[in-house]
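Let me begin by presenting the structure, written as structure tokens, before commenting on it.
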Amino acid sequence: MDKNDNEQVASPASVETPSSTADTSQQRYDSMGDDGSFFVGSLPAEVVRRVNALRNLQAEHHKIEASFFEEVHALECRYLSKYQPLYEKRLNIIKGAYEPTEEESKCAFDEDETDEQAKKDKEEEGKKDEGTTVGIPEFWLQVFKNSDVLSELIKEQDEEVLKHLSDVRITMKNEANEKGFTIEFEFTPNEYFTNTVLTKFYELRTGPDEHEPLAYEGPEIIKSKGCEILWNKGKNVTMKMVKKRQKHKNRGTIRVVTKEVQTDSFFNFFTPPTVPDDPDAEMEDSDEMRMLAADFEIGHMLRDSIVPKAVLYYTGEVADEDDGEYDEEGDEDDEDDDDDDDDDDDDEHEGQAAPRGGHHHHGSGGKHGPGGKSRGGKQGGAGQQQPECKQQ
């Protein structure tokens, strides 16, 4: 959703004013630009001076607010270490390295357990398979599939790969010149790629943008960076082979060629769109902007909800918090067209389908901007350089 869709300018009919000022109000509203500049420009000079003084005060307010978010970010990094023992124990239970005690397996807060007969039946059912299953198989695959947003990214060919996903953790970076967070995906040895860990780093800006200081609403993700996946030959699930019929322009003869094209896959998550280094540069491709906004949103969701509450996603007890804010889109076009009338074939591919996305507010009010940026209400930072701020 564009910024203009969120900012509704009141019409003259909705503003109650004395009749003596009605015409002036009408003219001001009619001449108001998106940023209110035309309206301010129509004010008397001495009022404009006072308004500008207020705007300077607002800029000072933003600086103080940025200091607050700096401290919140540092606090989150510090508290991440307190969660560490819990995440390590979770990992050991999932992979079967630790068997919970009888006491640890009781959930006194679970209302379903009040029915003693149902509880007995459940225990008897569990005894049938006792000793045959190690840990919790395919835990993270099920977690991802129970997230409406992530499940859209997972295609059939991805599921076999994600069965090898053994852990997802967050590391946070809190340095003077760089803040952000990294999501680490750890895999058991598999036939698809040689990487043990795949990473995705999100850079965070906690202070106002020097180019638009008055637009500050809190911390925002400004870019993301994936990693290279070392695919084994013939195992790259982000690519597929397609046959194309090509008709020669002059002779009219037809030939069939086989080529490799990109296809939708969860693993395209590790090759996000590039954000221009020039702060004044704008992304012209609307699809890229949409994908970038969705990418930032997924990063926040993984860090703030899915990784910390993984077991609740696994059981289906929670769902994506922003699911109601995603709008349905039309059917996707099938780009795997067999007919091609041009001998000079351009590189065709099926780009990664971004999940339905739009403006989403996080903890203290983050949102997607038209440039594809997503603000985070919760401040996080990540980097493998800081093991003391590591979430397991």
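The values are calculated or read from the model by the stated rules, or taken from the named source; none is laboratory data. A quick note: this is a predicted structure, and the numbers were derived from the prediction, not measured. Cβ coordinates were reconstructed from backbone atoms using ideal geometry, including for glycine residues, and neighbour counts include every protein chain displayed.
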> So which residues in the range 145-189 are touching a residue at least 40 places away in the same chain (Cβ under 8 Å) and in a helix (DSSP H, G or I)?
Replying inline: Asp148, Val149, Leu150, Glu152, Leu153, Gln157, Asp158, Val161, Leu162
> Residues of the range 190-207 being in a strand (DSSP E or B) and either within 29 Å of Phe139 (Cβ to Cβ) or not charged (D, E, K, R) (or both), which ones?
Replying inline: Phe193, Val197, Leu198, Thr199, Lys200, Phe201, Tyr202, Leu204
> Which one of these does Leu204 not meet: (1) surrounded by fewer than 16 Cβ atoms within 10 Å (Cβ to Cβ); (2) closer than 20 Å to Val72 by Cα; (3) among the aliphatic types (A, V, I, L, M)?
Replying inline: (1)
> So is Ile136 of a type in the set (Val, Ile, Thr), part of a strand (DSSP E or B) and either closer than 27 Å to Pro100 by Cβ or modelled with pLDDT under 95 (or both) or not?
Replying inline: no
>> Among the residues that make up the range 121-130, is at least one of them closer than 30 Å to Thr206 by Cβ, in a helix (DSSP H, G or I) and modelled with pLDDT under 95?
In response: no
> Only one of these conditions is not met by Asn195: (1) modelled with pLDDT of 90 or more; (2) within 16 Å of the chain's Cα centre (by Cα). Which number is it?
Replying inline: (2)
>> Looking only at the range 208-230, filter to residues that are touching a residue at least 24 places away in the same chain (Cβ under 8 Å) and not in a loop (DSSP other than H, G, I, E, B); which one of those is surrounded by the fewest Cβ atoms within 10 Å (Cβ to Cβ)?
In response: Leu214
>> Suppose we keep only residues that are among the hydrophobic types (A, V, I, L, M, F, W, C) and over 16 Å from Phe266 (Cα atoms) within the range 198-241. Which one would you say is farthest from the chain's Cα centre (by Cα)?
In response: Met241
>> Which pairs turn up if I take residues in the range 285-297 that are at pLDDT 90 or above and look for partners that are β-branched (Val, Ile, Thr) with beta carbon separation below 6 Å, at least 6 apart in sequence or on another chain?
In response: Phe296/Ile221
> Just one of Phe193, Phe185 is of a type in the set (Phe, Trp, Tyr) and within 23 Å of Ser305 (Cα to Cα); which is it?
Replying inline: Phe185
> For residues in the range 37-77 being acidic (Asp, Glu) and in contact (Cβ under 8 Å) with a residue 12 or more places away in the chain, which is nearest to Glu175 (Cα to Cα)?
Replying inline: Glu70
> Which of the residues belonging to the range 240-257 are part of a strand (DSSP E or B) and over 30 Å from Asp158 (Cα atoms)?
Replying inline: Gln246, Lys247, Ile254, Arg255
